Amino acid sequence: MKVLIAVTHLLGTGHLSRALTLARAFDHEGHKVTLVSGGFPAPQLDTRGVTLVQLPPLRSDGVDFTRLLTAEGSVAQAEDLAQRQSQLCAALQEAQPDVLITELYPFGRRSLRGEFLALLETAHKMPRRPVILSSVRDILAPPSKLEKAEKADAVISQFYDAVLVHSDPAATRLQVSWPVSPMLEAKLRYTGYVAPAAAGPHPERAGTGEILVSAGGGSVGADLYRTALEAARLMPDHRWRLLVGGTDAAARIGEFAQAGSPALLEPARPDFRQMLSHAAASVSMCGYNTALDLLQAATPAVLIPFDAGNETEQSLRADSLAPLDGIEVLATAALTPEALCTVVKAAMQAPQRDSSGFRFDGAARTVEIAAQLEKERG
């Protein structure tokens, strides 16, 4: 079976990371996978077994997701979008997939609707139309107007065979963040959480006893890092390690180093998930992948949800996890060095939490669902 996954991450690398986890699951079962990425390259992510097609990348400024920036930092123009659309459709024609998966669209990425609609229309005109699936995380950014949900419904009804919801329905159903119509309900397929296998312990026990501070793979989290630098002074008995992401990580580390904090500063590490097994606590935002890493490792955690630009997704996710042992939530508006130390200590003193009841096999289940739908099509 041939599979094409289309994804564009505009801020951090979570969307791309999840899409690659799906791609590797398809590859593991012997399927041929093409992944078309429209965000900035993320060389730290594992692309083994996947044919990666890179579109001219776009990103958000972190606040306005309708204002797309090119690699040069300029606002994307019509010709930039047209070039991406042409290359995306060409990749589809080249791959001739049996299954087409669009990550997040049409529930998000509305600023890129032109290229996604062109992709869907091209797919429907192929001699053998692929099974078309939308792939979404556990919690979406709720639509600001009902009209947006209705437009997404119209696209789903016209083009899609099913919607893959990468959540454990016993924990979070799509209705928590999105209006689910009867039509949409009939197309939902819950897969469980999409996560790589638990990382397990670090071979060198890196991170032992440390407070690990991270903000994903993008160039975000400046306030979090600056606050953590000061908090490290207030907790001299614990070593704080700040893992700084983004293509400009070196420059950001240089800037943060000027604070003279005792905290360690280094770029985001590929062994971060293994380090979580030994850490005294984690301080992070609450993106999908980060939340799953914390659940799998059972690390005491402080969640500071990203909420710039009226974003609510991470806050909804953090609130859903807050009742678990060893998880504390701190709003960005309340973020101070003193407040951060207080919640870090509370997380470390809480009982060990048990995450064994959660389903983390969403990638394998996605492959099963896609293969079954493709088989039923005949």
Which numbered condition Pro337 fails, given (1) farther than 20 Å from Arg137 by Cα; (2) without any contact (Cβ under 8 Å) to a residue 24 or more places away in the chain:
(2)
Reported set for the range 168-187 where residues are buried (at least 17 other Cβ atoms within 10 Å of the Cβ) and outside any loop (DSSP other than H, G, I, E, B) is Leu174, Val176, Leu184, Lys187
When only residues in the range 236-253 that are surrounded by fewer than 20 Cβ atoms within 10 Å (Cβ to Cβ) and of a type in the set (Val, Ile, Thr) count, which is modelled with the lowest pLDDT?
Thr247
Scanning the range 308-331 residue by residue, the ones that are in contact with a helix residue (DSSP H, G or I) (Cβ under 7 Å, 6 or more places away or on another chain) and more than 17 Å from Asp138 (Cα to Cα) total 5
Just one listed residue, out of Arg273, Arg233, is surrounded by fewer than 17 Cβ atoms within 10 Å (Cβ to Cβ) and either of a type outside the set (S, T, N, Q) or under 19 Å from the mean Cα position of the chain (by Cα) (or both), and it is Arg233
With Ala322, Ala364, Ala346, Ala339 as the choices, which residue is surrounded by fewer than 18 Cβ atoms within 10 Å (Cβ to Cβ), out of contact with any strand residue (DSSP E or B) (no Cβ under 6 Å at 6 or more places or on another chain) and within 30 Å of Ala222 (Cα to Cα)?
Ala339
For residues that are in contact (Cβ under 8 Å) with a residue 40 or more places away in the chain and part of a loop (DSSP other than H, G, I, E, B), tally how many sit in the range 57-66.
6
Of the residues Leu4, Leu52, which single one is assigned to a strand (DSSP E or B) and surrounded by fewer than 16 Cβ atoms within 10 Å (Cβ to Cβ)?
Leu52
Glu266 passes all but one of the listed conditions (1) surrounded by fewer than 17 Cβ atoms within 10 Å (Cβ to Cβ); (2) closer than 27 Å to Pro57 by Cα; (3) modelled with pLDDT under 95; the exception is number (3)
Of the residues Leu92, Leu100, Leu22, which is touching a Pro at 6+ places or on another chain (Cβ under 6 Å), in the same structural domain as Thr366 (by TED's automatic domain parsing) and surrounded by 17 or more Cβ atoms within 10 Å (Cβ to Cβ)?
Leu100
Find the helices (runs of 4 or more DSSP H) located wholly in the range 287-378 whose residues include 1 or more that are under 16 Å from the mean Cα position of the chain (by Cα) and either at pLDDT 90 or above or aliphatic (A, V, I, L, M) (or both), and list them.
288-297, 313-321, 362-377
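The values are calculated or read from the model by the stated rules, or taken from the named source; none is laboratory data. All values derive from a computational prediction rather than experimental measurement. Every residue, glycine among them, receives a Cβ derived from its backbone with ideal geometry; neighbour counts consider all protein chains shown.
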